[in-house]
1. Please enumerate the residues belonging to the range 19-41 that are within 15 Å of the ligand (Cβ to nearest atom) and outside any loop (DSSP other than H, G, I, E, B).
2. Output the number of the condition that residue 237 fails; it satisfies all remaining conditions of (1) without any contact (Cβ under 8 Å) to a residue 60 or more places away in the chain; (2) under 21 Å from residue 302 (Cα atoms).
3. Out of (1) part of a loop (DSSP other than H, G, I, E, B); (2) surrounded by 15 or more Cβ atoms within 10 Å (Cβ to Cβ); (3) on the phi < 0 side of the Ramachandran plot, the odd one out for residue 44 is which?
4. Taking into account only those residues within the range 157-170 that are in a loop (DSSP other than H, G, I, E, B) and away from the ligand (no atom under 12 Å from the Cβ), which is surrounded by the most Cβ atoms within 10 Å (Cβ to Cβ)?
5. Within the range 212-230, restricting attention to residues that are buried (at least 16 other Cβ atoms within 10 Å of the Cβ) and more than 27 Å from residue 320 (Cβ to Cβ), which residue is nearest to the chain's Cα centre (by Cα)?
6. When the range 296-328 is examined, which residues are found to be over 27 Å from residue 61 (Cβ atoms) and surrounded by fewer than 17 Cβ atoms within 10 Å (Cβ to Cβ)?
7. Across the range 1-18, what is the number of residues that are in a loop (DSSP other than H, G, I, E, B) and within 16 Å of the ligand (Cβ to nearest atom)?
8. List the residue pairs whose Cβ atoms are under 6 Å apart, where the first residue sits in the range 109-131 and is closer than 14 Å to residue 173 by Cα, the second is near the ligand (Cβ under 10 Å from one of its atoms) and assigned to a helix (DSSP H, G or I), and the two are 6 or more positions apart or on different chains.
Ligand code: ASP
């Protein structure tokens with residue numbers, strides 16, 4: 001049977017073309033997708049399209065994540081896979097969030113976009129779009145999806161969504177996944193690294209979780225961060241969690257005021273997750289004195305999580321409203337969708 005894919009357009013550069021009169025870029029009407037991309041007819045895939053947006057991804061909020069999760073839930077049985085066209089700027093956040101929100105996912109959900117508008121001759125959007133559709137539709141000889149998880153496809157590589165980050169504002173290879181190998185690599189053919197792809201859960205039908213708590217803060221350490229500023233952040237009314245971007249293997253100052261502020265914050269029930277500012281490697285707070293103090297203060301290691309994964313995982317887990325702090329901390333430390341190497 002011909003596989004079917006739902007193509008969901010949310011916005012971003014990929015959906016733009018040039019106005020011949022002014023030369024300016026504008027979003028084209030996605031209803032006319034077959035006029036714009038007649039070649040997608042040639043794929044042996046039944047494609048239906050739906051538009052949510054267009055929205056520049058800099059304006060994306062968790063509301064879009066909820067709409068996407070609900071749409072996938074509602075259409076889940078009708079399609080073999082889903083492709084989501086999204087602006088590149090915050091694509092890794094949306095894709096990471098969806099990886100958590102879609103529970104028991106057993107079908108591919110592939111995010112893609114482009115650095116150059118699809119209406120530009122040299123666009124990277126055409127190849128990204130075609131291959132993302134192929135990946136979303138791909139099955140093995142037994143009819144099982146080749147990549148049944150939330151992925152991000154860009155410039156010849158399929159990444160696990162919650163391991164990806166936008167790394168270049170200029171290059172066509174705009175995304176990277178420095179702590180996890182690509183799920184698929186594309187050359188003359190598409191090579192799936194099946195040993196790195198999640199096995200679909202057999203825990204039951206797809207479920208979505210849409211309660212997200214976004215009263216959280218990302219704090220990036222820098223030499224000179226003052227006590228006054230740090231305390232004004234940790235003391236914020238309504239703050240529910242902090243993702244702390246530290247140096248190297250999870251290091252930060254040993255100043256008494258800093259560690260005291262962390263202890264007090266954690267004692268108030270606000271979890272603090274430590275991720276590294278480095279693209280590669282992992283937090284190991286026990287390695288240096290500059291990490292040990294944080295470990296003793298109750299800071300949770302985010303190990304090799306990206307900031308995007310740590311932020312969206314925290315939003316997702318806070319939404320559970322766990323009755324005990326210990327349970328929340330336990331979940332934060334676990335790998336729940338392959339986002340962290342444990
Ligand atoms: N600003 C655009 C967006 O993220 C950039 C892009 O799509 O590449 O929506």
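Read-outs throughout are calculated quantities, based only on the coordinates presented, and are distinct from any laboratory measurement. These figures come from a predicted structure and were not determined experimentally. Every residue, glycine as well, gets a Cβ built from its backbone with ideal geometry; the counts of neighbours run over all protein chains shown.
1. Correct list: 25, 26, 27, 30.
2. Checking residue 237 against (1) without any contact (Cβ under 8 Å) to a residue 60 or more places away in the chain; (2) under 21 Å from residue 302 (Cα atoms), the one that fails is (2).
3. Of the numbered conditions (1) part of a loop (DSSP other than H, G, I, E, B); (2) surrounded by 15 or more Cβ atoms within 10 Å (Cβ to Cβ); (3) on the phi < 0 side of the Ramachandran plot, the odd one out for residue 44 is (2).
4. Residues of the range 157-170 in a loop (DSSP other than H, G, I, E, B): 164, 167-170.
Subsequent filtering for residues that are away from the ligand (no atom under 12 Å from the Cβ) retains 164, 167.
Working: 164: 29, 167: 14.
Of everything passing the filter in the range 157-170, 164 is surrounded by the most Cβ atoms within 10 Å (Cβ to Cβ).
5. Residue satisfying both the conditions and the ranking: 221.
6. Residues satisfying the conditions are 296, 298, 323, 324, 325, 326, 327.
7. Within the range 1-18, residues that are in a loop (DSSP other than H, G, I, E, B) and within 16 Å of the ligand (Cβ to nearest atom) number 3.
8. Matching pairs, first to second residue: 113/14; 113/91; 114/13; 114/14; 114/125; 125/14.
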